[in-house]
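First up is the structure itself, then whatever we jot down about it.
The values are calculated or read from the model by the stated rules, or taken from the named source; none is laboratory data. Not measured: the values here are computed from a predicted model. So basically every Cβ, Gly included, is an ideal-geometry build from the backbone, and we count neighbours across all protein chains shown.
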Amino acid sequence: MNNITFCAFDKRYAEDFKRLNLEWIEQYFVVEEHDLEQLSNPQEYIIDKGGEILFALCNNEVAGVCALIKTGANEYELAKMGVYPKYQGMQVGYRLGLYAIETAKRLMATRLWLESNRILKPALHLYEKLGFKEIPVTDTPYARADIRMELLLNSSSAGNCRQAYGSCASV
C-alpha cells in the first residue's frame, strides 16, 4: 500500500467525508444532530474554526477520512475517522492516524483527544497503537460515546511519521 497519499480538505472529496461517516455511524449507531451539522457543513463547522479534514487517497480514490476539530488553544479532537471497507486491513487507518498526529503537531497542538464506543474494538485497538490512553468521559454531545482517549504530543510522540505513512500531498 505504498501508493497511499494524503491531503487536507478538498471540496471535491466533501461528499466522501459525509458518505463514509454516515455509513459507519448508521451501521453501529443512530446518526445524531451534531453528526449531521459537521458532515453537511464541514467548511463551517470544522475548517473555518481552525480544524482540518484529512483524506487518505489510493490511486486518487478516497480510501479513508478523519477530522481534527479545534477544541482549545493547543488541542484538537480526532473525529469522524473511517476507512472504506475495501481498504480495511491495509493499514490505511493507521497511516491516516499517523498523518493526523503529524498534522496536529504542525498546527502546534499539544493534545489530541477522541471519543468512541467500546463496541468499536478495531478502532480502539488502532487508537491504542497510535499511543492514545483512556481518560474519564466528561460532557459529550454524543449519546454513543462511552470512552474518551487522549494523546499528549511532544517531539517524539509520533516517531518518524513521514516514513510510516509514505508520500504526502501538499497540505
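So is Phe17 hydrophobic (A, V, I, L, M, F, W, C), touching a strand residue (DSSP E or B) at 6+ places or on another chain (Cβ under 8 Å) and free of Cβ contacts under 8 Å to residues at least 60 places away in the same chain or not? No; evaluated as a whole, the condition is false for this residue.
Restricting attention to segment 67-120 and to residues that are hydroxyl-bearing (Ser, Thr, Tyr) and within 12 Å of the chain's Cα centre (by Cα), the residue that is surrounded by the most Cβ atoms within 10 Å (Cβ to Cβ) turns out to be Tyr99.
Contact annotation: residue pairs with Cβ atoms under 8 Å, 6 or more positions apart or on different chains, pairing a residue in segment 116-144 that is touching a residue at least 60 places away in the same chain (Cβ under 8 Å) with a partner that is aliphatic (A, V, I, L, M), are Asn117/Ala145; Asn117/Ile147; Ala143/Val30; Arg144/Val30.
Screening Ala14 on (1) part of a helix (DSSP H, G or I); (2) of a type outside the set (Lys, Arg); (3) over 19 Å from Ser116 (Cβ atoms); (4) modelled with pLDDT of 95 or more shows it passes everything except condition (4).
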